[in-house]
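Working notes, beginning with the structure itself.
The values are calculated or read from the model by the stated rules, or taken from the named source; none is laboratory data. Since we're looking at a predicted model, the values are computed, not measured. Note that we place each Cβ from the backbone using ideal geometry, even for glycine, and neighbour counts take in every protein chain shown.
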Amino acid sequence: MNAGELCNRQVITAARETNISEAAQLMRDRHVGSLIVVEKHDNRPQPVGILTDRDIVIEVLAENVDPDTVTVGDVMTTAVLKVCEHDSLFDTAQRMRARGVRRVPVVSNQGELVGVLAQDDILALLCEELTLLVKVSTREVEQEIKKRGRPVT
């Protein structure tokens with residue numbers, strides 16, 4: 001499986017010019033902990049940054065800055081890790097670990113934003129796959145009992 005197959009394609013985005021109060025309200029309304037900051041290039045949204053709820057707390061609230069005077073562009077992380085939709089999940093997870101990030105924008109070969117992939121998405125997939133493997137053992141015992149009868153106790 002690759003990043004494009006697992007990513008969430010309904011990405012909540014913001015522009016650099018959005019003020020922090022509006023960004024926080026958008027995060028609350030859409031139940032997300034981050035916004036992908038985009039700019040249009042050839043009429044295609046391309047990620048240029050990411051704003052997390054933690055960024056707002058650390059950079060604005062903890063510093064007693066008036067949120068109505070700060071924009072997303074003032075606070076966002078610009079050195080954003082982007083992954084291609086064709087990148088494997090293993091490679092993506094390695095890059096996320098190396099950079100210490102939990103969310104990454106997923107882009108097409110042309111750099112257009114196509115989704116966002118979170119650490120939680122990868123964990124959910126791994127848990128599902130591990131659960132399936134556990135069920136193999138259970139099913140094996142069921143098949144043995146069906147074939148040979150109940151074990152003698």
Residues of segment 70-90 classified as out of contact with any strand residue (DSSP E or B) (no Cβ under 8 Å at 6 or more places or on another chain) and in a helix (DSSP H, G or I), total: 2
Cβ-Cβ under 7 Å pairs, at least 6 apart or on other chains, segment 82-96 side under 19 Å from L113 (Cβ atoms), far side acidic (D, E): none
Residue match in segment 71-81 (condition: farther than 29 Å from N19 by Cβ and either exposed (fewer than 11 other Cβ atoms within 10 Å of the Cβ) or touching a helix residue (DSSP H, G or I) at 6+ places or on another chain (Cβ under 6 Å) (or both)): no
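From E112, E129, E140, grab the single residue that is of a type in the set (D, E) and in contact with a strand residue (DSSP E or B) (Cβ under 6 Å, 6 or more places away or on another chain). Outline the logic, then answer.
Values: E129 fails: in contact with a strand residue (DSSP E or B) (Cβ under 6 Å, 6 or more places away or on another chain); E140 fails: in contact with a strand residue (DSSP E or B) (Cβ under 6 Å, 6 or more places away or on another chain).
Only one candidate qualifies: E112.
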Residue among R28, R97, R16 that is closer than 21 Å to A124 by Cα, modelled with pLDDT of 95 or more and of a type in the set (K, R): R97
Qualifying position, being surrounded by fewer than 18 Cβ atoms within 10 Å (Cβ to Cβ), within 15 Å of the chain's Cα centre (by Cα), small (G, A, S) and closer than 28 Å to L125 by Cα, among S88, S34: S88
Segment 100-144, subset of a type in the set (D, E) and in a helix (DSSP H, G or I), residue surrounded by the most Cβ atoms within 10 Å (Cβ to Cβ): D121
Failed item in (1) β-branched (V, I, T); (2) modelled with pLDDT of 95 or more; (3) out of contact with any Ser or Thr (no Cβ under 9 Å at 6 or more places or on another chain), with V80 passing the rest: (2)
Subset of segment 8-31 that is more than 14 Å from T77 (Cα to Cα) and of a type in the set (D, E, K, R) - its residue that is surrounded by the most Cβ atoms within 10 Å (Cβ to Cβ): E22
Residue match in segment 38-58 (condition: assigned to a helix (DSSP H, G or I) and in contact (Cβ under 8 Å) with a residue 40 or more places away in the chain): no
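Tell me which residues, restricted to segment 120-137, are without any contact (Cβ under 8 Å) to a residue 24 or more places away in the chain and either touching a Cys at 6+ places or on another chain (Cβ under 8 Å) or not acidic (D, E) (or both). Show your work before the answer.
First, pick out the residues of segment 120-137 that are without any contact (Cβ under 8 Å) to a residue 24 or more places away in the chain: 120, 123-124, 126-137.
Within segment 120-137, L123, A124, L126, C127, L130, T131, L132, L133, V134, K135, V136, S137 qualify.
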